[in-house]
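Report on one structure; see the data block that follows.
The values are calculated or read from the model by the stated rules, or taken from the named source; none is laboratory data. Quantities reported herein were computed from a predicted structural model and do not represent experimental measurements. Note that each Cβ is placed from the backbone with ideal geometry, even for glycine, and that neighbours are counted across all protein chains shown. All accessible areas refer to the heavy atoms of the entire protein, side chains included, with ligands and DNA or RNA removed. Shrake-Rupley method; radii C 1.70, N 1.55, O 1.52, S 1.80 Å.
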There are 4 protein chains.
Amino acid sequence: MVVILKENPEEKQLQNLMNWLSAQGLEINVCKGQHQTILGLIGDTAGVDIELIKALDIVDEVKRVQEPYKNANRKFHPDDTVVEVGGVKIGGGNFQLIAGPCSVESEEQVCGIAEAVKAAGAGLLRGGAFKPRTSPYAFQGLRGDGITLLLEARERTGLPIVTEIMDISQLPLFEEVDVIQVGARNMQNFELLKALGHVEKPILLKRGLANTLQELLMSAEYIMAGGNSNVILCERGIRTFETATRNTLDLSAVPVLKSRSHLPVIVDPSHGTGHRELVAPMALAAAAAGADGLIIEVHNDPAHALCDGPQSLTPEQFANLAARIKAVRAAALGGEL
Amino acid sequence: MVVILKENPEEKQLQNLMNWLSAQGLEINVCKGQHQTILGLIGDTAGVDIELIKALDIVDEVKRVQEPYKNANRKFHPDDTVVEVGGVKIGGGNFQLIAGPCSVESEEQVCGIAEAVKAAGAGLLRGGAFKPRTSPYAFQGLRGDGITLLLEARERTGLPIVTEIMDISQLPLFEEVDVIQVGARNMQNFELLKALGHVEKPILLKRGLANTLQELLMSAEYIMAGGNSNVILCERGIRTFETATRNTLDLSAVPVLKSRSHLPVIVDPSHGTGHRELVAPMALAAAAAGADGLIIEVHNDPAHALCDGPQSLTPEQFANLAARIKAVRAAALGGEL
Amino acid sequence: MVVILKENPEEKQLQNLMNWLSAQGLEINVCKGQHQTILGLIGDTAGVDIELIKALDIVDEVKRVQEPYKNANRKFHPDDTVVEVGGVKIGGGNFQLIAGPCSVESEEQVCGIAEAVKAAGAGLLRGGAFKPRTSPYAFQGLRGDGITLLLEARERTGLPIVTEIMDISQLPLFEEVDVIQVGARNMQNFELLKALGHVEKPILLKRGLANTLQELLMSAEYIMAGGNSNVILCERGIRTFETATRNTLDLSAVPVLKSRSHLPVIVDPSHGTGHRELVAPMALAAAAAGADGLIIEVHNDPAHALCDGPQSLTPEQFANLAARIKAVRAAALGGEL
Amino acid sequence: MVVILKENPEEKQLQNLMNWLSAQGLEINVCKGQHQTILGLIGDTAGVDIELIKALDIVDEVKRVQEPYKNANRKFHPDDTVVEVGGVKIGGGNFQLIAGPCSVESEEQVCGIAEAVKAAGAGLLRGGAFKPRTSPYAFQGLRGDGITLLLEARERTGLPIVTEIMDISQLPLFEEVDVIQVGARNMQNFELLKALGHVEKPILLKRGLANTLQELLMSAEYIMAGGNSNVILCERGIRTFETATRNTLDLSAVPVLKSRSHLPVIVDPSHGTGHRELVAPMALAAAAAGADGLIIEVHNDPAHALCDGPQSLTPEQFANLAARIKAVRAAALGGEL
């Protein structure tokens, strides 16, 4: 950590600061220039509250040098984490397609899609039971009944299921769920993250619309600090000025996250783009960029099109895409740069 | 609502769409051009799911004409809502300063600050008991004990208290709290919003870092749809590429929200800027722009500066500012444009 | 175009507007609702000034339905444009690697790199002669001398050259240049675009840091309206809140631009990410997403590393990457979705 | 400047870097930690190319401590710059209203508005002769003839005129112009900035839509490095995800710029918001925040409303606003915090 002092810092305050920093176990190197003094802090700064130091009158700025996350940090855990669930592995070279409907609507719908995506190569089934909706007047999901239907589909296909939690109070309903998803809007719902740190299930953590990659890793750190190290990171688009796509899918997140962390990284091209036509190119791109998996919306009834999101693929489109993804992954791995 | 169709829409799908729209009680006007057909939908479209229509193969785009919020909409409630709490009014020409420490730390601290800000003209006391922190290793607030200390300060000064809730499960602890704050990171925690719709207390709803003003109004609508119409909207800065300030305080939110909604609108220049030196100019600017109140961080112990945020004012600075805010409000109202 | 009127529009103003719109050759369909009236305008609206209509007191909002660009629009030119230069083709299934140093520094440097990238499969040579720099104190490029060195490198290798223009007054120096690049900061330098409309050379037009894809197409339209239809569009990252990468490379730009326009689309993963380690994954991703080419920085002297950007590859890294890109393109095209 | 090295830097490269830094006249302080080594560089780092250092294999990150601008820096020029033009002063406590039409259209129009805004208290006349337009098919301004009309209006009213330049080649037409405006899209047209450094006229430099405040100051530095120190900075809104306003007017730019620089800072609430109703509240807010002036669009013919931007005020609205702005400034200055 580097602390940049204001010109001519008040001597007594400076002494107080130095004493406080020493008391935190940090070694202080002072670099004195004509106009500026810099304190280089050596030691474990992850627990030091940067805001407290910034608040001091004599401090101009504080810059972190070390990442403030430990459990999620590749520096301290060089090997890839492999998340295992229901006999399926993600990370460490294991790639998975997670596919399924936007919302769970009926047994027929979810089981039909589950069978189709399994046949096309999906390793897990996704489906929304609790649906976060901007409008209180929009369909909020089948909730508990939706989870029951997902479990039914798992029973029939053997695919482990991934579904989103929206509040701690829903946890009891997730007992049989294989992977619990934390949606973008809840990425910094810290009480929920803490609770999920005590759950013995993999957590699929989606990046928030306005959150940096470091904040995503800090949210993973919340879960891991509680004892649950099975976190899957998911890039799903950030909010920018561009309106041609629903969000701006930030694929550089994949190599950045994988270099900083040992956790598996997957991409959601369906919500990240919001347009059916963009799902395939962005899925292929994510695979080429090194993602450990993809989560893709698939619907089963193109005729009765009033039931799915504008970004859902048909099972046929998904099967075609799955084959190409496999080929692209092999080609991209052709040699290491 | 305007539905723009793709060129040469498949006739049967178009008929299905028209039937479905009619079944929703909408009147359809068809504008047929050479390359494009537009459907103008007349009627109550607030409950129509825009995503469902977008998902249709024959639809190019859907544009809303009417706002999707009703309870929060000034069109249907032309008069300003006045929120009353503990004898204090906000909105409809009533301006309030809400001031207090970033975090509640001790009885001495919170009561000292409460007395100081009351003397300077604050109408409500703010203070964080539950603290949302990016890092799991940072101080998370005194939680329940913090609320007890705030109630103690209310007892001593008579100031109603405002403090943040982070999860539904904390609600029982907020029974004596006057105004419940929903922080920026929880603006789209829909389960929490629904729960607050059934509470008989004013809710101070902060705008999320990546949320549009329409989404803020939709979140207010969640609360109001549950029966609680005492919502105070709060602009606190959005996330942009600029790094000179912690966030970009979007003051045009004030006149935009006040024209679209009847709810009171306040501004948080402390978190919106993140720098002590910027709090006063932005507080004055917010008052000039027509805000119904301000929420400002004040700390009481400049010597022991390691305890407060970099954006906190001293009680003296706050008192000086309060006087200027009053003068600016009067000057800005000098005549209506 | 759809014009949404305010409630109870003043009758005379409405009549004036309707007359003016008719005079522009537009057919008007009126959809009257209880609270809102919508005018659906049918006809060629590309030349209609949307700002003028928005300025009217009776108008609430104006929404475009048709794209305001014609020459660049795929609707009117369904076939891919193939740009040909010096025997090399881009677009319509022809993929090109454009590689070379950030700045041209010496004959030895630029010729050495040119030979290396040619051997690795590059079809064009890039190199900066005029350098846009944020600081007036930073190296501004060799300017005219830099172009001479690039021509020398073309002489030796046969590779057509691409280099950036910063001002109309530099045009005479570009007479021998093969492809003129317009940098991100000049994407809306409209006088420059107009001048380039009268040049008989391909223009490589980079997307501005804060520009939408529609604005990029409008800037291409400026060039094409002048008579020069050889425009290559280039995605090179947009500015967002994320700081882990220099910019956020928006790869969905590739399929979006290719669906809206017939012009070739290339990607710059070097400037788009700003980090050497991210160039390869994002180059592979861009190829998988369907880009018609890539522009990549390559330097030749890793020992004397003080001369190139933090995002430059060595010739060896570039050669390895080029081979993988070829394989990824083939794999991604494996079947059409 | 602080250079953060990667773990276990290659010794010879480190020595090369240290030698090179010393050769630049910098003193180097080394802070060695267990995992990281930090170099604190003391001395004049404004001319050091940060990108070159970042490019080194052994370097993890480089962080600036000192601002890279000198001429524009308040640290080296503590007193406010006062720009004088045609008997009018801006900065150092002198506040000016700059008002006029969006585009110059006719003698009658521009002279009529000039007289009206002068009567209401404007100190300078603005008006667009060269108009930057997103579409090549939109009205591009009267160009040279527009400047002639502005000079005519100056002749009649005595108001100095401000108008925008779009290209170096237009400079001869600006000989009689009082203040040359550089628009947002040209803020980083470095060749134009350099040319304006050799002009003996004040330059009104608008912030780019995606530019940080530091970049704005660097662009001012370009002009000042050429010898022209009469630069007026102008905040006019940045591009964000919010769509309720045309841009997000960043009023914290005012106190931030004024603390970092001695140059006058003005605000453009017309283009910053894009809506007539928002101009007054944001103008008042800008004045309260400490701006040295405002630039506001005024049109003269509300009946023939098809000629002005949706953000233009009538002369009456402007006169009312001018009076309130004066009162707000006085109130805001009531006491220094």
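For chain A, the 222 nm mean residue ellipticity estimated from helices alone, with every DSSP H stretch of n ≥ 4 adding -39500 (n - 2.57) and the total spread over all residues, rounds to -10000 deg cm²/dmol.
For the peptide D:148-159, the mean number of other protein chain Cβ atoms found within 10 angstrom of a residue's Cβ is 0. Looking at chain C alone, DSSP beta bridges between its own residues are antiparallel in about 40 percent of cases. Put D:H77, A:H198 in order of accessible area, highest first, and with a 1.4 Å probe you get A:H198, D:H77. Each label was represented as a point 7 Å from its Cα along the Cα-to-Cβ direction; for A:R64 and D:Q13 these points are 2.5 nm apart. Take every Cα pair under 8 Å whose residues are at least 6 apart in sequence, average their separation, divide by the length of region A:205-337, and the relative contact order is 19 percent. Among the protein heavy atoms, those of B:S259 account for about 80 Å² of accessible surface (1.4 Å probe, every chain in place).
The fraction of all Cα pairs in region D:12-135 landing in successive 10 Å bins from 0 to the largest distance is 10, 25, 16, 14, 15, 14, 6, 0, given as whole percents.
Relative contact order for chain B: what percent, with Cα pairs under 8 Å and sequence separation of 6 or more? Before the final figure, lay out each step's value.
On the way: 684 pairs, mean separation 50.9, N = 337.
Computed value for chain B: 15 percent relative contact order.
Shape descriptor for region A:139-274: Rg over Rh equals 0.97 (Cα atoms; Rh from the Kirkwood inverse mean 1/r). Beta bridges from DSSP with both residues in region C:164-266: antiparallel share about 10 percent, rounded to the nearest 5.
Could you compute how much accessible area chains C and D hide from each other, both sides summed, with a 1.4 Å probe? Nearest 100 Å² is fine.
On the way: alone 15900 and 15880 Å², together 27180 Å².
Using a 1.4 Å probe on protein heavy atoms, the buried area is about 4600 Å².
Site pair B:K6 and A:E200 shows an inter-label distance of 5.0 nm when each label is modelled 7 Å from Cα along Cα→Cβ.
For region C:217-337, just run the numbers: alpha carbon Rg, then divide by 2.2 N^0.38 Å, N being how many residues it has.
On the way: Rg = 15.6 Å, N = 121, 2.2 N^0.38 = 13.6 Å.
Against the compact-globule rule of thumb, the ratio is 1.15.
Taking a ≥ b ≥ c as the square roots of the Cα gyration tensor eigenvalues, the protein assembly as shown comes out rounded, since a/c falls below 1.5. Solvent-accessible area of the protein assembly as shown (1.4 angstrom probe, protein heavy atoms only): carbon and sulfur portion equals 48 percent. Cross-link reach is defined here as a Cα-Cα straight distance under 22 Å, omitting same-chain residues fewer than 8 places apart; for C:K12 the lysines meeting it are C:K32, C:K54.
Take every residue in peptide B:318-324, count the Cβ atoms of other chains within 10 Å of its Cβ, and give the average of those counts.
Numbers: counts 1, 1, 4, 3, 0, 3, 8.
Mean partner shielding for this stretch: 3.
Largest GNM mean-square fluctuation across C:L39, C:L249, C:L321, computed for chain C with C-alpha springs under 10 Å, falls on C:L39.
Suppose accessible area is computed on protein heavy atoms with a 1.4 Å probe; arrange D:R126, B:R260, A:R74 from highest to lowest. If you can, show how the numbers build up before the last one.
On the way: D:R126 15, B:R260 70, A:R74 50 Å².
Per-residue accessible area, sorted high to low, gives B:R260, A:R74, D:R126.
Out of all DSSP beta bridges with both ends in the protein assembly as shown, state the antiparallel percent to the nearest 5. In the protein assembly as shown, approximately 40 percent of DSSP beta bridges are antiparallel ones. Qualifying GluC sites (Glu not before Pro) in region B:158-247, where qualification requires a DSSP coil assignment and no more than 14 other C-beta atoms within 10 Å, comprise B:E175, B:E176, B:E200.
Taking every alpha-carbon pair under 8 Å whose residues sit at least 6 apart, region D:1-129 reaches a relative contact order of 20 percent.
Note on chain A: GNM, Cα springs under 10 Å; of A:I53, A:I90, A:I232, the largest mean-square fluctuation is that of A:I53. From the square roots a ≥ b ≥ c of the eigenvalues of the alpha-carbon gyration tensor of region A:64-182, which class results: rounded (a/c under 1.5), prolate (a/b over b/c), or oblate? Oblate is the answer for region A:64-182, as a/c is 1.5 or above yet b/c matches or exceeds a/b. Look at the stretch D:215-228: the mean tally of other chain Cβ atoms within 10 Å of its residues' Cβ atoms is 2.
Could you please tell me the mean projected area of the C-alpha convex hull for chain A, averaged over all directions and given in square nanometres to one decimal?
Working: hull surface 80.3 nm².
Its average projected convex-hull area is 20.1 nm².
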